[in-house]
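Taking it in order: structure first as structure tokens, then the write-up.
The values are calculated or read from the model by the stated rules, or taken from the named source; none is laboratory data. Keep in mind the model is a prediction, meaning the values are calculated, not measured. We place every Cβ from the backbone using ideal geometry, glycine too, and count neighbours over all the protein chains shown.
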Amino acid sequence: MKFLTEFGLYLLTLKGMFSKPENGKMYWKEFMHQCSEIGIGSLGIVAIISIFMGAVSTLQTAYQLVSPIIPLSTIAQIVRDTVILEFSPTLVCIVLAGVVGSKIASELGNMRVSEQIDALEIMGINTKSYLIMPKLLAAIMMIPMLVVISAVLGIWGGRLAGTLTGILSAATFDKGLHQAFKPYNVFFAMAKSYTFAFIIASIPAYYGYNVQGGALEIGRASTKSVVVSCVLVLFSDYLLSALLL
Amino acid sequence: MIEIKNIKKGFGDKMVINDVSSVFETGRCNLIIGTSGSGKTVLMKCLVGLFEPDSGEICYDGKNFSEMNEEHRKALRQSIGMLFQGSALFDSMTVEQNVMFPLDMFTKNTVAEKAKRVDEVLERVNLVDAHKKFPAEISGGMKKRVGIARAIVLNPKYLFCDEPNSGLDPQTSLLIDKLIKEITYEYNITTVVNTHDMNSVMEIGDHIMYMYQGIKEWEGSNKEIIFSKNKLLNDFIFASEFLKDAKDMRTLEVKGKIDNNRNMDELLK
């Protein structure tokens, strides 16, 4: 019953976002600010995770593929598909659920508790629209871009690890990258990243916007939003895999 | 003018405001006073539309706020300014940006025009050197003044102040009270102040409504409050022995039985 109430409130919060902006220029400014916060702000951590993720994939795949009848270029193939299909969209989005999600929840929660949201409401501003919509749109725009960057860096990290350790040459790795490439995998990764981006922005926005109480509740809302986002990312990952693959 | 008629508001089984009616006149400082939990903040939130009353009417210059659709409410809200208890300034913006925010959102003025208006209101609240400071870098009294500046920057018709003196020292409180009073008279605004600060009651209370457990217990002016026979009001206003004595002295003075300027020394002997 509590789940249905929460889900209903979540839908109402999202529904409340759709209204004519009071001033399009201010909304655009806020959207660009959020793009910078979510996109540029998360670029560092995404880059680090992706490079190491690709590097570890290469090393572990090479460790497991010990048969002499399997060509070395297969390592690159496996790394490419693992990174594109799973690591970049899912792993990066789980990290972003923590980084971006907790930021959105605590920012909105703090604004609620310190009456800044009330102040905006009294000015005649639709706060759901002004505060949540730009974050949601910025996440939907920036997170798939981060996933693409992550995939590129992941594969590059794998190539780097492979050549540095002498497991395979750069030419062999590049050959493997071109073998049996399915563009559909990229479409699948993008479908996942758009879905995850919506979850990562909307769930923390709901918890942060509806905080009641003080500093303790902001922390709780932030933690809860990250946990719920991560679970939903994993659940929708399974659902999309079952539906689209 | 704001008129409230038979406002009722409850949360669950608890009735927080019970059948409260009053009229807040334009160009006057209207005070809502009462102990903590008496329902004054809930009443103010009902007035500005943050809470929906269970029943009753709130009329802004004859227009029923409760019956307005969202678009009309939005339009009306642009003529409302509010000073919050904690100032509610936007942390990520400087003082100047905070005050400019309503102008950015609701006017098509040029940057120079907006900057001029910001300078005017900041000067009006005696804050001339704080433009580039962030809320975290200024004192509580300064935050309140920035809050007032932001509230009046769009020339509102109605000004709401929720406990404007909370957390301030008596001298700064008096300055804020004076500012609210001056702005009310200068711009002919309908001002509603929610307070339990007795200095404010005596200084700026043109019209005072005393609330007790969600009910309007007494209504009058700061001139009348001192002679009130209402026990609940007297217990609230003149809570300390010192204030009780002060009330008695003032009553005797007004009745001509003592002259504070002349025979106080004699009385003290």
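Here are some notes:
- Given (1) within 11 Å of chain A (Cβ to nearest Cβ); (2) part of a helix (DSSP H, G or I); (3) over 17 Å from B:Y187 (Cα atoms), index of the condition B:A151 fails: (3)
- Any hit, the stretch A:1-15, residues being within 12 Å of chain B (Cβ to nearest Cβ) and over 18 Å from the mean Cα position of the chain (by Cα): no
- Condition met for A:S67 (more than 14 Å from every other protein chain (Cβ to nearest Cβ), at negative phi and more than 19 Å from the chain's Cα centre (by Cα)): yes
- Residue, farthest from the other protein chains (Cβ to nearest Cβ), within the stretch A:121-132, restricted to residues that are under 22 Å from the mean Cα position of the chain (by Cα) and either closer than 13 Å to A:I200 by Cα or among the small types (G, A, S) (or both): A:I132
- Selection over the stretch B:4-15 of residues that are assigned to a strand (DSSP E or B) and either surrounded by fewer than 16 Cβ atoms within 10 Å (Cβ to Cβ) or out of contact with any Phe, Trp or Tyr (no Cβ under 9 Å at 6 or more places or on another chain) (or both) gives a count of 8.
- Taken over the stretch A:28-43, residues that are surrounded by fewer than 15 Cβ atoms within 10 Å (Cβ to Cβ) and either outside any helix (DSSP H, G or I) or not hydrophobic (A, V, I, L, M, F, W, C) (or both) amount to 3.
- Only one of the listed residues (A:G158, A:G54, A:G109) is touching a Gly at 6+ places or on another chain (Cβ under 6 Å), crowded, with 21+ Cβ neighbours inside 10 Å and within 14 Å of chain B (Cβ to nearest Cβ). That residue is A:G109.
- Among residues of the stretch B:63-108 being assigned to a loop (DSSP other than H, G, I, E, B), free of Cβ contacts under 8 Å to residues at least 12 places away in the same chain and away from every other protein chain (no Cβ under 11 Å), the one that is nearest to the chain's Cα centre (by Cα) is B:M68.
- Residue count for the stretch A:25-51 satisfying the condition of being within 30 Å of B:F101 (Cβ to Cβ) and either in contact with a helix residue (DSSP H, G or I) (Cβ under 7 Å, 6 or more places away or on another chain) or away from chain B (no Cβ under 11 Å) (or both): 15.
- Some residue of the stretch B:39-53 being surrounded by fewer than 16 Cβ atoms within 10 Å (Cβ to Cβ), more than 21 Å from the chain's Cα centre (by Cα) and outside any strand (DSSP E or B): no
- The one condition in (1) in contact (Cβ under 8 Å) with a residue 60 or more places away in the chain; (2) outside any helix (DSSP H, G or I) that A:S106 fails to fulfil: (2)
- Unique match (being in a helix (DSSP H, G or I), under 13 Å from B:I148 (Cα atoms) and in the same structural domain as B:G39 (by TED's automatic domain parsing)) among B:E186, B:E203, B:E182: B:E182
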